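Enquirer: Structure provided below as structure tokens; questions to follow.
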Amino acid sequence: MKLTYILPLVALTTAAYAAPLAFDFKDPKGVNNAVFQLDAPLESINGSASGISGTVAFDPENPAATTGKIIVASESLTVPNPMQKEHLHSANWLDVAKYPEITFEAKSLAKVNTDGNVTTGDVTGTFSLHGVTKEITAPIKLTYLKDKLAARVPNLKGDLLVIRANFVINREDFNLQKGQYEDKVSPTIDLSLSIAGACVRQ
Amino acid sequence: MRKTLQIIALLLGFATSASWLVTGANRGWTKTSVPVKTADEVTGIEGISYRKQFLPGIDFLAAAWGTAGVLAGASLCFSKKTKPTTITK
């Protein structure tokens with residue numbers, strides 16, 4: 001075979017291997033969660049959301065190029081107190097009927113440090129909540145678990161990507177009772193994301 | 001009636017306090033579910049699910065003692081039973 005035929009073939013094969021892997025974050029086990037916390041005088045308001053989906057493109061050879069979008073269903077936000085949950089979902093706060101999704105779209109990764117299968121860095125992207133979109137930067141930890149999908153979901157071969165991120169937002173920035181109830185609910189919200197995505201291999 | 005209302009008020013207050021203490025003396029708000037964390041062995045992620053459980057809080061205790069106070073107050077609207085007096089001539 002002539003070299004002119006071989007070279008494009010090699011290039012194509014290399015490109016195929018270099019392509020980022022697409023990880024789906026709809027978790028069949030329902031373990032993925034986003035935790036939120038707001039300080040309040042009597043007791044901090046702690047809750048979580050489980051309705052998580054989205055996809056992330058991750059290249060094990062180039063983790064710095066990671067991009068993707070994570071979606072949290074607003075309706076899935078839960079707190080143990082039923083009245084607080086009702087208020088949280090109501091038009092006065094999150095208005096889940098009007099804004100059914102909370103999203104984060106990762107655009108770039110900076111200060112990337114990879115050690116084995118763990119990559120840490122600062123992710124910058126757009127965070128959308130309550131109809132407001134803002135650019136935020138937060139520390140992130142990516143753990144690439146090669147060939148571990150079968151250990152979690154039998155009969156499926158592939159890889160897992162675990163993402164952990166913690167960040168703080170101001171509720172005023174997202175028009176959540178701007179300037180109101182500051183004596184009752186903290187103006188800042190702590191968010192913590194712990195999610196695992198799967199990349200199925202045929 | 002006066003005595004009955006006062007006894008009901010006391011019973012309500014003490015029974016609520018006892019149940020609050022027995023369920024762990026939750027000094028926060030009343031909860032109808034409690035978070036249960038389970039670790040995923042492969043990913044290390046702690047999954048959070050909610051188990052239905054009534055956990056009375058400070059608000060529940062305050063409401064019970066408030067109701068007890070209203071009952072005790074209402075009892076004062078009823079006059080004391082007076083012993084019949086015999087008039088001897």
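The values are calculated or read from the model by the stated rules, or taken from the named source; none is laboratory data. Remember, predicted model here, so these are calculated numbers, not experimental data. Glycine gets a Cβ as well: all are built from the backbone with ideal geometry, and neighbour counts include every protein chain shown.
Enquirer: Filter the stretch A:117-127 down to residues that are crowded, with 17+ Cβ neighbours inside 10 Å and either out of contact with any Pro (no Cβ under 9 Å at 6 or more places or on another chain) or free of Cβ contacts under 8 Å to residues at least 12 places away in the same chain (or both) and give me whichever is farthest from residue A:168 (Cα to Cα).
Expert: Pass one, the stretch A:117-127, residues crowded, with 17+ Cβ neighbours inside 10 Å: A:119-121, A:123, A:125, A:127.
Narrowing the set further to residues that are either out of contact with any Pro (no Cβ under 9 Å at 6 or more places or on another chain) or free of Cβ contacts under 8 Å to residues at least 12 places away in the same chain (or both) leaves A:125, A:127.
Details: A:125: 14, A:127: 11 Å.
Once the filter is applied, the top-ranked residue is A:125.
Enquirer: Applying the selection to the stretch A:88-116, what residues are more than 17 Å from the chain's Cα centre (by Cα) and surrounded by fewer than 15 Cβ atoms within 10 Å (Cβ to Cβ)?
Expert: Here is the first cut: in the stretch A:88-116, the ones more than 17 Å from the chain's Cα centre (by Cα) are A:88-99, A:111-116.
Result: A:90, A:91, A:92, A:97, A:98, A:111, A:113, A:115, A:116.
Enquirer: Of everything in the stretch A:143-159 that's in contact (Cβ under 8 Å) with a residue 40 or more places away in the chain and in contact with a Lys or Arg (Cβ under 8 Å, 6 or more places away or on another chain), which residue is surrounded by the most Cβ atoms within 10 Å (Cβ to Cβ)?
Expert: A:149
Enquirer: Just give me the residues in the stretch A:118-165 being of a type in the set (S, T, N, Q) and modelled with pLDDT under 95, in sequence order. I'd like the intermediate steps shown before the answer.
Expert: Taking the stretch A:118-165 as the starting set, the residues that turn out to be of a type in the set (S, T, N, Q) are A:119-120, A:124, A:126, A:128, A:133, A:137, A:143, A:155.
The answer is A:155, and nothing else.
Enquirer: Let me ask you something else. Considering only residues that are within 9 Å of chain A (Cβ to nearest Cβ) and hydrophobic (A, V, I, L, M, F, W, C), which ones fall in the stretch B:21-38?
Expert: B:29, B:34
Enquirer: Moving to a separate point now. Name the one entry in B:9, B:68, B:62 that is within 12 Å of the chain's Cα centre (by Cα) and without any contact (Cβ under 8 Å) to a residue 12 or more places away in the chain.
Expert: Values: B:9 fails: without any contact (Cβ under 8 Å) to a residue 12 or more places away in the chain; B:68 fails: without any contact (Cβ under 8 Å) to a residue 12 or more places away in the chain.
Answer to the selection: B:62.
Enquirer: Determine whether residue A:78 is away from chain B (no Cβ under 12 Å) and either free of Cβ contacts under 8 Å to residues at least 24 places away in the same chain or β-branched (Val, Ile, Thr) (or both). Step through it out loud before you land on a result.
Expert: Working: away from chain B (no Cβ under 12 Å): no; either free of Cβ contacts under 8 Å to residues at least 24 places away in the same chain or β-branched (Val, Ile, Thr) (or both): yes.
Considered against the rule, which asks whether it is away from chain B (no Cβ under 12 Å) and either free of Cβ contacts under 8 Å to residues at least 24 places away in the same chain or β-branched (Val, Ile, Thr) (or both), residue A:78 comes out as no.
Enquirer: On to the next question. Name every residue in the stretch A:67-78 that is buried (at least 18 other Cβ atoms within 10 Å of the Cβ) and either part of a helix (DSSP H, G or I) or at pLDDT below 95 (or both), in order of residue number.
Expert: A:74, the sole residue that qualifies.
Enquirer: Please give the number of the condition residue B:51 fails out of (1) under 15 Å from residue A:85 (Cβ atoms); (2) more than 7 Å from chain A (Cβ to nearest Cβ); (3) not hydroxyl-bearing (Ser, Thr, Tyr).
Expert: With (1) under 15 Å from residue A:85 (Cβ atoms); (2) more than 7 Å from chain A (Cβ to nearest Cβ); (3) not hydroxyl-bearing (Ser, Thr, Tyr) applied to residue B:51, the lone miss is (1).
Enquirer: Just give me the residues in the stretch B:54-71 being facing another protein chain (nearest Cβ under 9 Å) and either of a type in the set (Val, Ile, Thr) or not in a helix (DSSP H, G or I) (or both), in sequence order. Break it down stepwise before answering.
Expert: First pass over the stretch B:54-71, keeping only residues facing another protein chain (nearest Cβ under 9 Å): B:55, B:57-59.
Hits for the stretch B:54-71 are B:55, B:57, B:58.
Enquirer: Would a scan of the stretch A:166-185 turn up a residue that is closer than 18 Å to residue A:24 by Cβ, surrounded by fewer than 17 Cβ atoms within 10 Å (Cβ to Cβ) and of a type in the set (S, T, N, Q)?
Expert: In the first step, residues of the stretch A:166-185 are kept if they are closer than 18 Å to residue A:24 by Cβ; the result is none.
No: the stretch A:166-185 contains no residue that is closer than 18 Å to residue A:24 by Cβ, surrounded by fewer than 17 Cβ atoms within 10 Å (Cβ to Cβ) and of a type in the set (S, T, N, Q).
Enquirer: Next up: Quick one: would you say residue A:35 is under 16 Å from residue A:195 (Cβ atoms), modelled with pLDDT under 95 and within 14 Å of another protein chain (Cβ to nearest Cβ)?
Expert: Values: under 16 Å from residue A:195 (Cβ atoms): yes; modelled with pLDDT under 95: no; within 14 Å of another protein chain (Cβ to nearest Cβ): yes.
The answer is no for residue A:35.
Enquirer: Looking at the stretch A:162-200 only, could you name the residues that are within 14 Å of chain B (Cβ to nearest Cβ) and farther than 21 Å from residue A:126 by Cα?
Expert: Once the filter is applied, which keeps residues that are within 14 Å of chain B (Cβ to nearest Cβ) and farther than 21 Å from residue A:126 by Cα, the stretch A:162-200 yields A:184, A:185, A:198, A:199.
Enquirer: Also: Could you tell me which numbered condition residue A:119 fails, if it satisfies all but one of (1) out of contact with any Lys or Arg (no Cβ under 8 Å at 6 or more places or on another chain); (2) more than 24 Å from residue B:33 (Cα to Cα)?
Expert: Answer for residue A:119: the failing condition is (1).
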